[in-house]
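Heads up, the thing below is written out as structure tokens.
The values are calculated or read from the model by the stated rules, or taken from the named source; none is laboratory data. Because the structure is predicted, anything quoted here is derived from the model rather than measured. Heads up, the Cβs are rebuilt from the backbone with ideal geometry, glycines too, and the neighbour counts pull from every protein chain shown.
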Amino acid sequence: MSAMTGYEMFWPIVAHVALIYVLYMLLSYRRRKMVQSGKVRISNYRENRDEPPEGLFVKNCIANQFELPVLFYACCILLYMTEADNLVAVILAWIFVALRYAQAFVHVTSNRIRYRSPLFAAGYIVLGAMWVWLAVWMAFPNG
């Protein structure tokens, strides 16, 4: 399996960045609604203390997008640089991003650990497979 012909490895990164932007928009929307309804005062956000759950879930979800996905970005770039960005790598990257979307959806809606945790674990495993793919590719470059 040879390297892809273009920038296919970067589209999952773009899709993940889009998720982060959507989450920031959702957080702004929820916070604005809470201030307008009188549930919180705008000054509460100066130090982000005592945030109601509907905002806190989104805020925590955003923070979560800068944890494991940092390793995803690094892996995608390395896969591209080493020309290991073939169909297997791209499919794994898309699966990881799809799992991030699903996990984020659960996080900002019901926030049920029962559903969120297996989605995280699946993404963790898929990302691990991407790193193994990269390591094997580098260890045996001529197949």
Exercise for the section: Please indicate, with yes or no, whether at least one residue in the stretch 84-99 is over 17 Å from residue 129 (Cβ atoms) and either acidic (Asp, Glu) or surrounded by fewer than 15 Cβ atoms within 10 Å (Cβ to Cβ) (or both). Expected result: no
Practice task
Select from the stretch 41-94 the residues that are on the phi > 0 side of the Ramachandran plot and among the acidic types (Asp, Glu) and list them in ascending order.
Solution key: 50, 83
Practice task
Please verify whether the stretch 96-119 includes one or more residues that are on the phi > 0 side of the Ramachandran plot, in contact with a helix residue (DSSP H, G or I) (Cβ under 7 Å, 6 or more places away or on another chain) and not acidic (Asp, Glu).
Solution key: yes
Exercise for the section: Could you tell me which residue of the stretch 48-76 is farthest from residue 130 (Cα to Cα), considering only residues that are free of Cβ contacts under 8 Å to residues at least 24 places away in the same chain and part of a helix (DSSP H, G or I)? Expected result: 56
Handout entry: Residue within the stretch 110-117 that is closer than 27 Å to residue 30 by Cβ, among the small types (Gly, Ala, Ser), part of a helix (DSSP H, G or I) and over 11 Å from the mean Cα position of the chain (by Cα) present
Key = yes
Problem - Candidates 8, 67 - the one that is in contact with an Asp or Glu (Cβ under 9 Å, 6 or more places away or on another chain) and at pLDDT 95 or above - result: 8
